[in-house]
1. Please turn the phi angles of the range 217-233 into ³J(HN,Hα) values with the Karplus equation 6.51 cos²θ - 1.76 cosθ + 1.60 (θ = phi - 60°), one per residue in order, whole Hz, x for glycine and proline.
2. Using the per-residue mean of other Cβ atoms lying within 10 Å as a proxy for protection, in what order, highest first, do the peptides 490-502, 525-537, 285-297 fall?
3. Relative to the longest principal Cα axis of the chain, at what angle does helix 319-355 sit, 0 to 90 degrees, rounded to 10?
4. Taking only DSSP H segments of four or more residues, each worth -39500 (n - 2.57), what value at 222 nm results for the chain once the sum is divided by all its residues, to the nearest 500 deg cm²/dmol?
5. Applying a 10 Å radius around every beta-carbon, put 137-145, 63-71, 448-456 in order of their mean neighbour count, most first.
6. Using DSSP to call loops (not H, G, I, E or B), can you name the GluC sites (Glu not before Pro) in the range 57-144 whose Cβ has at most 12 other Cβ atoms within 10 angstrom?
7. Which one, 707, 684, 36, is farthest towards the positive end of the dipole of the chain when Lys and Arg carry +1 and Asp and Glu -1 on their Cβ?
8. Could you do me a favour and compute the accessible area per residue for the chain, 1.4 Å probe, result in Å²?
Amino acid sequence: MRRNIAYAFRMLAKNPGFTVVAMLTLGLGIGANTTIFSLINSLLLRPLPYKNPDALVALDLVNGQSLFPWSYPMFEELRHDQRTFANVAGFSDLDVNLTGIEAPQRLRCELVSASYFAMLGIEPERGRVFRPEEDREPDAHPLALVNDKLWRQNFGGDVGLIGRTIHLNELPYRVVGVMPRGFNGQSGDIDVWVPLTMAPSLSHIPKRLVNARNFWMRTLARLKPGIAVAQARAQLLILAGEIEKAYPHPEAMSPWKVQATSLVEAKTDPVMRKSLLIMFGAVGFVLLIACVNMANLMMGRAMSRRKEIAVRLAIGASRGALIRQLLTESVILGVAGGIAGFFVAAYAIDLTVALHPEASVGFWAGFARSLESEAVRMDTPVLVFNLAISILAGALFGLLPAFESTRLDLNQALKDVTSGWSAGLQSLRRVHSRSVLIAGEMALALVLLAGAGLMLESFARMLQTNIGAAADHVLTASVDLPPRKYSPAAVVRFDEQLLNRLRAAPGVEAVSVANSLPVRGETDVTMMNLGPGKEEPAVGVHSVSPDYPRIFRIPLRSGRWINDHDRAGSQKVLLVNETAARKFWPGENPIGKHVLLKVWDTGEQEAEVIGVTADVRYDGVEKPAENDVYVSFAQYPEGGNIVLRVAGDPMSAAPLVRTVVHELDPDLPVYGVQTMEQQLARATSRTRFSAVLLGVFGALALGLAGVGVYGVVAYSVAARTHEIGIRMALGASRSDVLKLVVGDGLLLCAAGLMVGIPVGLLVTRVLSSFLYGTKPGDPMAFAGVSLLLTGMATLACYIPARRAMKVDPLVALRYE
């Protein structure tokens with residue numbers, strides 16, 4: 001083996017051009033595979049960084065087909081059960097204002113039970129965590145833990161912070177510990193932790209710990225030793241019955257059940273899992289195409305070594321020994337390509353993570369593992385994968401050339417006469433190994449390009465979708481007014497002062513406050529009573545100020561919009577969108593209708609329909625508008641978002657917003673400052689992620705397929721120089737030679753398309769859940785891809801064909 005390796009290095013060193021081309025070809029294929037595997041490893045395979053993570057499960061309430069978070073009374077019932085779990089912990093996330101410092105800041109807070117840290121096996125870097133006795137009485141222990149990043153950046157790493165007081169949502173909390181670097185909680189990017197029993201005061205919901213119908217928290221549990229997840233599921237049937245008995249479900253709902261899911265599975269976004277597995281299949285196609293090219297290169301190289309191989313066979317070398325020697329060379333080339341692929345992946349990972357697809361909208365979004373630059377890294381499993389796939393690729397592309405090149409007629413080979421399989425290569429119309437490989441390469445490229453084309457078409461359609469709201473020249477920002485400091489009337493006064501000051505600034509065309517924004521997926525939902533005997537439908541509620549439709553250019557279909565006269569004390573009013581108007585009052589004019597609307601904590605109040613607006617998509621770009629109503633922020637004060645339409649660059653107004661807010665209240669942090677176009681980009685990030693990656697892989701496949709076709713046709717032209725000379729001597733014109741060469745190449749392309757189209761129609765079905773406005777078997781996409789591949793093949797054939805047209809018949813007749 002050592003001798004084979006040394007000889008392989010000498011032979012590769014003698015042909016540096018071949019070696020470099022091979023490394024580049026393989027580097028692209030292996031690098032793409034390493035990149036996607038690193039993403040899969042970080043999101044799907046890497047063990048969770050907790051003590052014995054296999055014993056951790058996430059627990060969900062289930063009613064019918066729907067998953068529910070837990071209410072606190074139901075959680076109490078759960079953690080008192082000791083039959084199945086060694087420990088149970090609850091948690092929930094909440095955004096809070098950090099005040100009392102020079103610049104107020106918006107923080108991500110996690111409310112946790114005292115068992116949370118011990119169950120995960122997480123110890124504080126400094127200080128201590130919460131004690132069991134601090135997890136019993138409501139609002140009795142205002143304590144806080146901070147993460148390492150917050151401690152260092154906001155408090156300069158001061159060890160004296162422990163024992164000091166910080167203010168969260170205007171309430172004092174004593175810091176008792178600093179968590180270790182890298183620990184960001186279960187909800188993702190958590191800055192501070194407080195006891196779960198502080199929820200009533202921190203969230204300003206007094207009955208949060210006593211209302212069994214207030215579902216707001218998640219639970220984790222550690223299985224007792226010897227109990228598997230399957231056993232736990234069986235035992236949870238008993239627990240579900242006890243919960244159902246203690247807290248009966250409403251009559252319209254099914255009995256409660258409890259579902260246990262391994263924590264690693266619960267923290268995996270199913271949409272992202274499917275997307276990454278599809279990407280892994282796509283890069284597998286890229287690598288196969290690269291291997292086909294390498295097999296063809298190795299066959300071409302074997303032709304120049306026919307005499308060497310024949311001599312070695314003639315003096316007694318066995319065919320098996322020669323095959324091992326040639327496979328050693330190909331495996332070394334594969335490993336060299338893997339090294340190149342490592343550097344390709346190191347760069348590509350950063351570019352891929354920069355695409356940063358958003359998590360699925362919903363309660364579990366922040367709980368799932370996401371693609372973050374610090375999480376996706378080239379660790380040991382990735383390096384092992386890179387090495388394994390390099391060796392596998394080397395063996396794969398080297399096997400056929402090794403067998404073919406050692407199957408020689410010794411007499412003819414020693415005389416340096418072309419014969420056997422090599423003679424067959426002179427005509428691409430004959431069925432031989434190289435023509436089959438190229439046809440297969442074209443088929444693989446078509447399948448991959450078809451998938452990329454469908455995703456790009458889907459992404460283009462999504463970008464062209466009319467969401468019902470204009471996004472240009474719009475800036476959005478968020479401000480949270482703490483209920484403890486701001487009564488509903490004070491919220492209205494603050495917002496009106498804010499709007500007046502911003503409206504007076506140069507360049508500001510319109511400004512509004514709103515509780516929700518288009519495509520954000522954060523709509524508040526309530527029930528609307530249409531009258532006696534009628535079903536109460538769910539509606540999305542949007543509390544806005546009068547300039548809202550002007551900012552987003554939302555058309556008014558009939559009636560009037562909210563104005564400054566729609567204030568507290570006057571008749572409650574609302575507008576409905578077209579979807580709601582058609583559904584609730586088919587064939588009728590909804591204007592003037594009276595409904596009962598229960599919004600937030602205001603109780604059920606009568607409101608008059610004053611207008612109908614065009615539909616706006618609030619739950620994402622790809623989701624049609626639902627039943628939406630608009631109410632006046634002065635009657636239902638629930639803001640949170642500031643929206644401006646400006647004449648120039650929207651981000652130029654960001655300092656203005658911060659200045660005006662801090663002039664009104666220096667303790668209010670302004671956060672989430674983005675243009676509406678950035679909001680749209682976030683809403684389409686999942687489709688963009690898949691479309692861009694598949695597009696890149698499709699381009700790689702197209703380029704590699706073109707190189708492969710060019711290589712085979714160029715070799716065929718070189719091998720047929722004598723034949724071409726005879727044809728031209730007998731009267732063939734240059735155009736005849738061009739047709740002959742290009743025709744042979746296009747025949748291979750046609751064979752590949754005939755195989756690739758039906759395979760592509762089957763394979764692209766896996767993309768159906770990712771497509772928007774496009775069907776997997778879209779004929780236009782397949783026709784476009786087929787034309788693209790045909791054009792590429794024509795170009796790849798034309799270059800060597802031009803060389804063939806310049807053959808001098810006299811020189812060609814003396815060839816060989």
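The values are calculated or read from the model by the stated rules, or taken from the named source; none is laboratory data. These numbers were taken from a predicted model, which means no experiment stands behind them. Here the Cβ is made from the backbone with ideal geometry for all residues, glycine too, and neighbour counts use every protein chain on show. Only protein heavy atoms, including side chains, enter the accessible area calculation; ligands, DNA and RNA are left aside. Shrake-Rupley method; radii C 1.70, N 1.55, O 1.52, S 1.80 Å.
1. Going residue by residue, I get 10, 9, 10, 10, 8, 10, 5, 5, x, x, 9, 8, 4, 4, 5, 4, 4 Hz, with x marking Gly and Pro.
2. Descending mean neighbour count gives 285-297, 490-502, 525-537.
3. So the helix axis and the longest Cα principal axis differ by about 30 degrees.
4. Roughly -15500 deg cm²/dmol at 222 nm, from the helical runs in the chain.
5. 448-456, 137-145, 63-71
6. 102
7. Toward the positive end, the furthest listed residue is 707.
8. Heavy-atom accessible area per residue stands at 43 Å².
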